[in-house]
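Worksheet: one structure, shown below.
The values are calculated or read from the model by the stated rules, or taken from the named source; none is laboratory data. Just so it is clear, the structure is predicted and the values come from calculations on it, not from any experiment. Ideal geometry is used to build each Cβ from the backbone, glycine not excepted, and the neighbour counts take in all protein chains shown.
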Amino acid sequence: MKDAAAWKAEFIEIYNEKIKRKGADKLLAWLESQDFFTAPASTRYHAAYEGGLVEHSLNVYHVLMEHFDPAHDSEESFALVSLLHDVCKTGFYAIELRNRKNARGEWERVPVYTIDDQFPYGHGEKSVYLIERFMRLSTEEAVAIRWHMGGFDEAVRGGSFALAHAYEKYPLAVKLHMADLEATYLRECRGEETE
């Protein structure tokens, strides 16, 4: 199994090869100055371990590329939306100690990831905002990242119909959501890292 350093190296290689627009270098430098490459993808649901976020981003990229159609799709857009869809999780997690029973049934203090969102702006919309501080997204890219959570998005659970309109107009949004689901539920470790 790869480690956080290997995932980071693969991410940077794909990012530099595929994403060429103005500001991409500044965004990558910002990601390297933050915890993007060491953060988990979640507190306990998938890839909940150091480097899980970058591993998840790569998994989404690889799944999405399986559906790449050179006649209709852009490699740069596919790389951008898959690698950066969860940039909102940068600076999102903290580590705290909690009591948990070990394999022998004894209580011990263990580190766990918790949410400590310093910029509560929403999920997909926060990713779009953070990316656009450095480089411009096309409308289709912005919509795909904004709605990559599909029915799990708070706005949808609140009754918004914008998701259906986004999926009708922008195939990349549908493809990104499906790639995110497949990576999360079919290709990744559920919960904490296991040996």
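Looking only at the range 18-27, residues that are in contact (Cβ under 8 Å) with a residue 12 or more places away in the chain and surrounded by fewer than 17 Cβ atoms within 10 Å (Cβ to Cβ) come to 5 in all. Within the range 147-195, if we keep just the residues that are touching a helix residue (DSSP H, G or I) at 6+ places or on another chain (Cβ under 8 Å), closer than 19 Å to residue 128 by Cα and not in a helix (DSSP H, G or I), the residue that is modelled with the lowest pLDDT turns out to be 153. Restricting the range 137-146 to residues that are aliphatic (A, V, I, L, M) and in a helix (DSSP H, G or I) leaves a set whose member that is farthest from residue 84 (Cα to Cα) is 143. Scanning the range 125-146 for residues that are buried (at least 19 other Cβ atoms within 10 Å of the Cβ) and either among the charged types (D, E, K, R) or at pLDDT below 95 (or both) returns 126, 141, 146.
From the list 61, 45, 15, pick out the single residue that is of a type in the set (Phe, Trp, Tyr), out of contact with any Cys (no Cβ under 9 Å at 6 or more places or on another chain) and surrounded by fewer than 16 Cβ atoms within 10 Å (Cβ to Cβ). Give the derivation first.
Working: 61 fails: surrounded by fewer than 16 Cβ atoms within 10 Å (Cβ to Cβ); 15 fails: surrounded by fewer than 16 Cβ atoms within 10 Å (Cβ to Cβ).
Checking each option against the conditions leaves just 45.
When 107, 7 are checked against the criterion of being farther than 24 Å from residue 178 by Cα and either in contact with a Ser or Thr (Cβ under 9 Å, 6 or more places away or on another chain) or without any contact (Cβ under 8 Å) to a residue 12 or more places away in the chain (or both), 107 stands alone in meeting it.
Which of the residues belonging to the range 110-148 are hydrophobic (A, V, I, L, M, F, W, C) and under 21 Å from residue 73 (Cα atoms)?
Filtering the range 110-148 down to residues hydrophobic (A, V, I, L, M, F, W, C) leaves 110, 112, 115, 119, 128, 130-131, 134-135, 137, 142-145, 147.
Those that are hydrophobic (A, V, I, L, M, F, W, C) and under 21 Å from residue 73 (Cα atoms): 128, 131, 135, 137, 142, 143, 144, 145, 147.
Taken together, the residues in the range 9-63 that are at pLDDT 95 or above and touching a strand residue (DSSP E or B) at 6+ places or on another chain (Cβ under 6 Å) amount to 0.
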